[in-house]
Amino acid sequence: MDTHSAVVERLRSSFVSGVTKPEAFRQTQLMNAMSMLQENEQKIIEAMHKDLAKPKFEALLSEFEMVINEIHYAITNLSTWMKPEYVSTNLATKFDDCFVRREPLGVVLVIGPWNYPLQLLFLPMIGAIAAGNCVIVKPSEVSPAAEALIAELIPKYLSQDCYAVVTGGSEETVALLKNRFDHIFFTGSQAVGRSILQAASVHLTPVTLELGGKSPCMIFGQVNVTVAIRRLMWAKFFNAGQSCVAPDYVLCTPPTRDAMLPEISKVLEEFYTTDPQASPDFPRIVSPRHWTRLMDLLKKSKGRVVVGGGGSPEDRYIAPTVVVDVPADDALMQEEIFGPILPILTVGSVEEAIEFVKGREKPLAVYVFSNSSAVVNQVLENTTSGGFCSNDGIVHITLPTLPFGGVGASGFGSYHGRWGFETFSHRRACMLRGWALERLNGLRYPPYTENKLYWLRWSTSPKSSCSIL
């Protein structure tokens, strides 16, 4: 087996040869990636079920269709993305070709998480392939069935000279990070993100960090309670709450909470029956360690469990759980929950809710449910987050024309659609000059005079009537 450094050097040699740069090569690899998914749909479903007991519906929706749509979008738009972007000029550069050229970075590393092991590894990889890079992917060992499937499929369908898979745990990741990459893309926890950033700093490698955070959901003003709760419960308990953009907690007034609780019980029974553990539509926690962490948080909470609360360690099952009377300093409010537990905190007003959110780290998403556009805009204008969605949850990440990424502690950098292509591209500033206007160019040569300075400043000024802007 090749060492990590040998894999990196093999891919670097391929990149230096220029094989990944032509559009035809990129398009071929994207088409091969499409075939990889379409021809192995059943294997994907089975791997997702082994790791997380994901129902076929959720697996295809989040792990298959999102990736297929991303590939199709890249194939359709790649030619446009690769074209030079011409920029405006002034009088001094009137006869020059001035443009921005997107160029691949080189050999990039994509480290994926376990909760959406295909989607969150393949989506950035698609952007990297479209941008003309060589790519090493490191799937998460926490989802072993998906890890094995990725390691099996990528070498079969994509160029082995340009794309590689490295498997293993934290030791392998640490060893891999000792190599020099031209970009590192990481999706995972804030704690690991800090380690990635430190390792990258040794080589001054640029990094994209897609981290988590406690994404709030505010419910204020008049709402259709039935519709709001159906959307909220779906967004929260999709993948058993193991989503980085899942609503982490709810902020509302006491009357709104009281109106919500009967509907929550009704909707959860509608979704998962009276016995969610027996429902084929409710996934499992990924590992015993993650199960124990979640149950410990629930035990430490000072809140009151009004729905769910039970679990089975053998089955890695935790019931859809709702907790009320949760104080601001509760155990459930100290870190991202990342599981099927939803705390509901009460406040007196939307202004108080906004101040609550602003007093904490910037989240990956902010959600607000309200019939009032004034309330929605008030939350939008007075909060900061990676993404924002009103009257629903999670669905904003499915649109490839919107950038997906965090801000502050929830990460930096973005991808999806063209945004992924841009993340893995160097925007090279280009000016192609001819030999015209040498008399004007002569103004910059010594000996310097006040007259030369005056005319040179005039010729380069955006206020000049002769500017082309």
**Report entry** In region 114-162, the residues that are among the hydroxyl-bearing types (S, T, Y) and surrounded by fewer than 22 Cβ atoms within 10 Å (Cβ to Cβ)
**Finding:** Y157, S159
Query raised in the report: Taking the condition in contact with a Lys or Arg (Cβ under 8 Å, 6 or more places away or on another chain) and surrounded by 15 or more Cβ atoms within 10 Å (Cβ to Cβ), does S385 pass?
Result: yes
**Report entry** One residue from D275, D248 being at pLDDT 95 or above, within 22 Å of S215 (Cα to Cα), among the acidic types (D, E) and assigned by TED's automatic domain parsing to the domain that holds I397
**Finding:** D248
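For residues that are of a type in the set (S, T, Y) and not in a helix (DSSP H, G or I), scanning just region 179-195, find the one that is farthest from the chain's Cα centre (by Cα).
Among them, the one singled out is S189.
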Requested in this report: Output the residue which, of all residues in region 54-89 that are closer than 19 Å to T398 by Cα and polar (S, T, N, Q), is surrounded by the most Cβ atoms within 10 Å (Cβ to Cβ).
Outcome: S62
Query raised in the report: Are any of the residues in region 259-274 without any contact (Cβ under 8 Å) to a residue 40 or more places away in the chain, part of a helix (DSSP H, G or I) and either farther than 24 Å from M218 by Cα or in contact with a strand residue (DSSP E or B) (Cβ under 8 Å, 6 or more places away or on another chain) (or both)?
Result: no
Report task. Starting from region 148-177, keep only residues that are among the charged types (D, E, K, R), then list their pairs with residues that are surrounded by 14 or more Cβ atoms within 10 Å (Cβ to Cβ) whose Cβ atoms are within a distance under 6 Å, requiring at least 6 positions of separation or different chains. Result -> D161/S14
Query raised in the report: Residues in region 315-351 that are more than 24 Å from G221 (Cβ to Cβ), in contact (Cβ under 8 Å) with a residue 24 or more places away in the chain and assigned to a loop (DSSP other than H, G, I, E, B): how many?
Result: 12
Requested in this report: Take S385 and decide whether it is farther than 20 Å from M233 by Cβ, touching a Leu at 6+ places or on another chain (Cβ under 9 Å) and among the polar types (S, T, N, Q).
Outcome: yes
Requested in this report: Being in contact (Cβ under 8 Å) with a residue 60 or more places away in the chain and over 9 Å from Q242 (Cβ atoms) is the filter; apply it to region 283-295 and report the residue that is surrounded by the most Cβ atoms within 10 Å (Cβ to Cβ).
Outcome: R284
Query raised in the report: Quick check: is even one residue across region 357-372 surrounded by fewer than 22 Cβ atoms within 10 Å (Cβ to Cβ), under 16 Å from L232 (Cβ atoms) and not β-branched (V, I, T)?
Result: yes
Query raised in the report: Name the pairs whose Cβ atoms lie under 6 Å apart, with the first residue in region 208-228 and outside any loop (DSSP other than H, G, I, E, B), the second of a type in the set (G, A, S) and crowded, with 24+ Cβ neighbours inside 10 Å, and 6 or more positions between them or separate chains?
Result: L209/G411; E210/G411; M218/A353
**Report entry** region 1-50 - residue that is surrounded by fewer than 16 Cβ atoms within 10 Å (Cβ to Cβ) and among the β-branched types (V, I, T) and, of those, nearest to the chain's Cα centre (by Cα)
**Finding:** T28
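If we keep just the residues of region 163-174 that are surrounded by fewer than 19 Cβ atoms within 10 Å (Cβ to Cβ) and not charged (D, E, K, R), which is nearest to L11 (Cα to Cα)? Step through it out loud before you land on a result.
Step one: of region 163-174, the residues surrounded by fewer than 19 Cβ atoms within 10 Å (Cβ to Cβ) are 167-172, 174.
If we keep only those that are not charged (D, E, K, R) too, we end up with 167-170, 174.
Values: T167: 17, G168: 20, G169: 22, S170: 22, V174: 19 Å.
Ranking the candidates gives T167 first.
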Report task. Keeping to region 421-469, report how many residues are among the hydrophobic types (A, V, I, L, M, F, W, C) and either assigned by TED's automatic domain parsing to the domain that holds T205 or modelled with pLDDT of 95 or more (or both). Result -> 6
Report task. Name the one entry in K266, K214, K236 that is more than 25 Å from the chain's Cα centre (by Cα), closer than 30 Å to V350 by Cα and basic (K, R). Result -> K266
Report task. Could you tell me whether L204 is surrounded by 17 or more Cβ atoms within 10 Å (Cβ to Cβ) and among the hydrophobic types (A, V, I, L, M, F, W, C)? Result -> no
Report summary line: When A235 is run through (1) assigned by TED's automatic domain parsing to the domain that holds S349; (2) free of Cβ contacts under 8 Å to residues at least 60 places away in the same chain, the failure sits at (2)
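The values are calculated or read from the model by the stated rules, or taken from the named source; none is laboratory data. All figures in this text were calculated on a predicted structure; none of them were measured in a lab. Because the Cβ atoms are built from the backbone with ideal geometry, glycine has one as well, and the counts that use them run over all protein chains shown.
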